[in-house]
Amino acid sequence: MTRPYVILNAAMTLDGKIATIAGDSRISCEEDLDRVHKLRASVDAVMVGVGTVLADNPSLTVRRARGKSPIRVVIDSFAKTPPNAKVLNKLTLTVIASTKSAPKRRLQKLRAKGAKILIAGKKEVNLHRLLKKLRSTGVRRLLLEGGSTLNWSMLKEGLVDEVQVTVAPRIVGGATAKTLVGGAGFGEVRRGVWLELKRVKKVGKCLLLTYRVKGGKGAKKAG
C-alpha cells in the first residue's frame, strides 16, 4: 500500500451530531476517552482539519494511556493554525499540510514554532499526495479525528479503511449542528460509502461500533 492504513474515529450523539449548535463536542464518556488515547498510542500519526484546531484547540497527545504520542498532522490549506495552538507544543512533532497558496509569512511563523510544513497542492491539500508523502516518512497507521468536512473528503476519496464510532446516549438536535460527515454529500444512497460491521462493544454508557470500509460506487478506490 502506498499510503497509511487510515482509521476514522469519532464520538457522536444518537442523532449523529459530533458537536452541538454552540460547538460543544464533549460527547465521549470517560471510558471512551481512555479508549481514544490508547488508540492514539497505537498509531504513527493523528490527523485533523484546521477547523477542529480553531474550534476545539486540541493537543492530540496521549495522556490517559501508556505509550508515545503520535505525529500530529493538520490539514490547513491557508496556514490558519494559530501560532499559540496546543498542537504546536513541543511534546511531539506537528506537520502542517498546506498549499502553495498559503501566505508565506504565516508558514514562517508556524515553522518558527517547530512545525514541519508539507506542501501538497496549489489551493487545497491533495490528500492522496499527502498520504503518500506521510507513508514515505514511515507513517503506516494514521488516525483520522475529523472534523466533519475532512471526514467527508477522506471518505469521498476512498482514503479510509476503518471507522470506529462511539455513540453516546444523547440527542441534541440542531439543524446546523455538525454531523459525523459533512461536505457536499452523495445525491443517492446507492452511491454512498458502504461499510461492513465488524464489532459492537459497550464502552461505559456508550456504544462502540467498528466498521470496515467496503467502498461505494461514488467513492474512489484507495491507492
Pick out the one residue from A120, A65 that is in contact with a Lys or Arg (Cβ under 6 Å, 6 or more places away or on another chain) and closer than 29 Å to P169 by Cα.
-> A65
Where in the range 132-213 are there strands (runs of 3 or more DSSP E), lying fully within it, with 2 or more residues that are of a type in the set (K, R) and either over 29 Å from I21 (Cβ atoms) or under 17 Å from the mean Cα position of the chain (by Cα) (or both)?
-> 195-203
Within the range 3-24, can one find any residue that is in contact with a Leu (Cβ under 7 Å, 6 or more places away or on another chain), closer than 30 Å to E196 by Cα and without any contact (Cβ under 8 Å) to a residue 60 or more places away in the chain?
-> no
Answer residue from the range 121-131, given it is more than 26 Å from Q164 (Cβ to Cβ) and not basic (K, R) and is nearest to the chain's Cα centre (by Cα) among those | E124
Would you say G158 is surrounded by fewer than 17 Cβ atoms within 10 Å (Cβ to Cβ) and of a type in the set (G, A, S)?
-> no
Checked the range 81-109 for anything crowded, with 17+ Cβ neighbours inside 10 Å and within 18 Å of the chain's Cα centre (by Cα); matches are T81, A85, V87, L88, T92, T94, V95, I96, A97, S98
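Conditions (1) over 15 Å from K178 (Cα atoms); (2) of a type in the set (D, E, K, R); (3) in contact with a Gly (Cβ under 8 Å, 6 or more places away or on another chain), marked per residue:
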residue	(1), (2), (3)
D15	no, yes, yes
R26	no, yes, no
E30	yes, yes, yes
V36	yes, no, no
R40	yes, yes, yes
V43	yes, no, no
T61	yes, no, no
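All of the numbers you see were taken from the coordinates with simple rules; none came from a lab. As the structure is a prediction and not an experimental result, all values here were calculated from the model. Please note: Cβ atoms are built from the backbone with ideal geometry, for glycine as well, and neighbour counts cover all protein chains shown.
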